[in-house]
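Chemist: Handing you a structure now.
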Amino acid sequence: TVPKAGKYTLIFKYANNTSHDLPCELKVNGVLVKKIPFGPFTKTWRVAWPAATEYRPETVGWAKYWNARVIVDLKAGANTLELIATSTAGGPHIDNMAASTAMSEPPAPVVNVKDYGAIGDASTDNTQAIAKAIAACPAGGSVVFGEGIYMTGSINLKSNMTLWVSENAVIRAIQDNDKIQTYPEAGFAGSSFVKNFLFANQVENLTITGGGTVDGNSVNGYLISNKPFRPVLLGLLNAKNVKVTNLDLLFSHSWLFIPRESDHVIIDGINLHNSHKDGIAPLDCHDIYITNSVISAGDDALTPKSYSSKGVDNLVAKNLTINHCRWKGIKFGFSSIGDFTNCLFEDIAMLNVQAGITVLLIDGGSASKLKFNRINMNNVHTPITLLNGGGQRSK
């Protein structure tokens, strides 16, 4: 059911534990829209401890969820959706469906990176071509990546633009640390996290979307061993009115997505997979909305932190699946200088996670009005941990 007629992105959260597609036809109000492949998982998943008995090796893949996204026209009010399996093997496991209002096409005027020399051949260094395309994009316009794999160094984003990564497009980091920029202003926690792949500082009205993939290219291990200088996939600093929607965010060398000192950030319909470190880390942010997404991380999945007196306020997370994380599913702190207030977590499933909900206050900040509704945990070793350390670490 949607409030008004228009284009919407349907998000189907599914599992496919086979070696082949489990395609389905999608019908909307009786009309065939397209065939969705519902492909098997090719990402590198891991569980850092023995799985519970219900997740034996042959069944654990049915607890690995992913989002498939389709743009459709819906009428105001109720709509009927049908998924009809078209193979003898049947369809995938469908966990739930959601409708997103994320934009369905890049806003004009459109600047195509290929017009500035970018080549999506998985080998050409496109760093300069992409920078030129962004510089040429007028306010309110879009920088568009068509089908292909675009190798590049760091990408600096600006205000009043859309970065449109098309459904079959991949922006992939070059595995050369000299190509990944150092941003001293991004540093915190002892000057860590100064390297960023995609970075936006003091921007507003920025959208990153399109249905494609942003790949940090760390699937085969860390680019460098020096932890403070491992690149972050996507960093926002002092940003306002940012939307990150309908994307796959993969394989960061460090924490994957860090919105810091940023307000009014919408994260919707993403698949986030990070083999090494944290997933989404909102740091001293207000008005953050994270919905209809899947998060898997080698460390903590969703981890609000505070390194200043600003704290975290009005973080809303709904319809998330947090699966196969090495440590915490939802973790407030350790860093807790400011307060955590008015946060809502609702309709969240956690599978194969070391700890579920954790609130760790050890730097002097407090926590109040944190609400958790309909949280489903399966094979979570420590469901809830609350610790008020009374600011001991800061002493």
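Chemist: Working with all protein chains in place, sort K4, K331, K240 by solvent-accessible area computed with a 1.4 Å probe, largest first. The partial results should precede the final answer.
Modeler: Working: K4 140, K331 15, K240 110 Å².
Greatest to least solvent exposure: K4, K240, K331.
Chemist: Next question, about the same structure. How much length, in nm to one decimal, is gained on full extension between A189 and S368, taken as 0.36 nm per residue of separation minus their Cα-Cα distance? Spell out each step's value before the answer.
Modeler: Working: separation 179, 0.36 × 179 = 64.44 nm, distance 2.46 nm.
My answer for the length gained is 62.0 nm.
Chemist: Using the alpha carbons of the stretch 218-331, what is the convex hull volume per residue in cubic angstrom, as a whole number?
Modeler: Values: hull volume 10.1 nm³, N = 114.
It comes to 89 Å³ per residue, whole-number rounded.
Chemist: Quick check on packing: order 316-327, 171-182 by the mean number of other C-beta atoms within 10 Å, highest mean leading. Don't jump to the answer; show the numbers that get you there.
Modeler: On the way: 316-327: 23.6, 171-182: 17.8.
Top to bottom by mean Cβ count within 10 Å: 316-327, 171-182.
Chemist: Next question. Each residue of the stretch 77-84 in order: what ³J(HN,Hα) in whole Hz does its phi give by Karplus 6.51 cos²θ - 1.76 cosθ + 1.60, θ = phi - 60°, with x for Gly and Pro?
Modeler: Calculated HN-Hα couplings, in order: x, 7, 10, 9, 10, 10, 10, 10 Hz.
Chemist: Could you work out [θ]222 nm for the chain from helices alone, using -39500 (n - 2.57) per DSSP H run of at least four and dividing by all its residues? Round to the nearest 500 deg cm²/dmol. Before the final figure, lay out each step's value.
Modeler: Numbers: 1 runs with 10 residues, N = 395.
My calculation for the chain gives -500 deg cm²/dmol from helical runs alone.
Chemist: Output the peptides 14-20, 200-206 sorted from most to least packed, where packing is the average of other Cβ atoms within 10 Å over each peptide's residues. It would help to have the intermediate numbers written out before the result.
Modeler: Working: 14-20: 16.9, 200-206: 19.0.
Those peptides, ordered most packed to least, come out 200-206, 14-20.
Chemist: Now, a different point. Can you pull the three principal axis extents for the Cα set of the stretch 138-266, in Å, largest first?
Modeler: The Cα atoms of the stretch 138-266 stretch 38, 32, 21 Å along their principal axes.
Chemist: I'd like the FRET efficiency for E204 and N96, computed as 1/(1 + (r/R0)^6) with the beta carbon distance as r and R0 of 45 Å, rounded to 0.05.
Modeler: So, using R0 = 45 Å, E works out to roughly 0.90.
Chemist: Sticking with this one: Tell me, in nm to one decimal, what length is gained between N378 and Q392 on full extension, where the rule is 0.36 nm per residue of separation less the Cα-Cα distance?
Modeler: Extending this stretch completely gives an extra 1.7 nm.
Chemist: Can you work out the accessible area per residue across the chain, with the rest of the protein chains kept in place, probe 1.4 Å, in square angstrom?
Modeler: Details: 15800 Å² over 395 residues.
Heavy-atom accessible area per residue stands at 40 Å².
Chemist: Shifting gears a bit: Return the ratio Rg/(2.2 N^0.38 Å) for the chain, where Rg is computed over Cα atoms only. Kindly include the intermediate steps, with their values, before the conclusion.
Modeler: On the way: Rg = 20.4 Å, N = 395, 2.2 N^0.38 = 21.3 Å.
Its radius of gyration relative to the 2.2 N^0.38 Å reference: 0.96.
Chemist: Here is a follow-up. 7 Å from Cα along Cα→Cβ at both E82 and L32: what's the point-to-point distance in nm?
Modeler: The modelled label-to-label distance comes out at 1.1 nm.
Chemist: Also: Quick one: with all protein chains in place, what share of the accessible area of the chain is carbon or sulfur, to the nearest percent (1.4 Å probe)? Each step should come with its number before you reach the end.
Modeler: Details: 7820 of 15800 Å².
So the carbon and sulfur contribution to the accessible surface is 49 percent.
The values are calculated or read from the model by the stated rules, or taken from the named source; none is laboratory data. Treat the numbers as computed from the prediction; the structure is a model and nothing was measured. Every residue, glycine as well, gets a Cβ built from its backbone with ideal geometry; the counts of neighbours run over all protein chains shown. Surface accessibility is based on the protein's heavy atoms, side chains included, excluding ligands, DNA and RNA. Shrake-Rupley method; radii C 1.70, N 1.55, O 1.52, S 1.80 Å.
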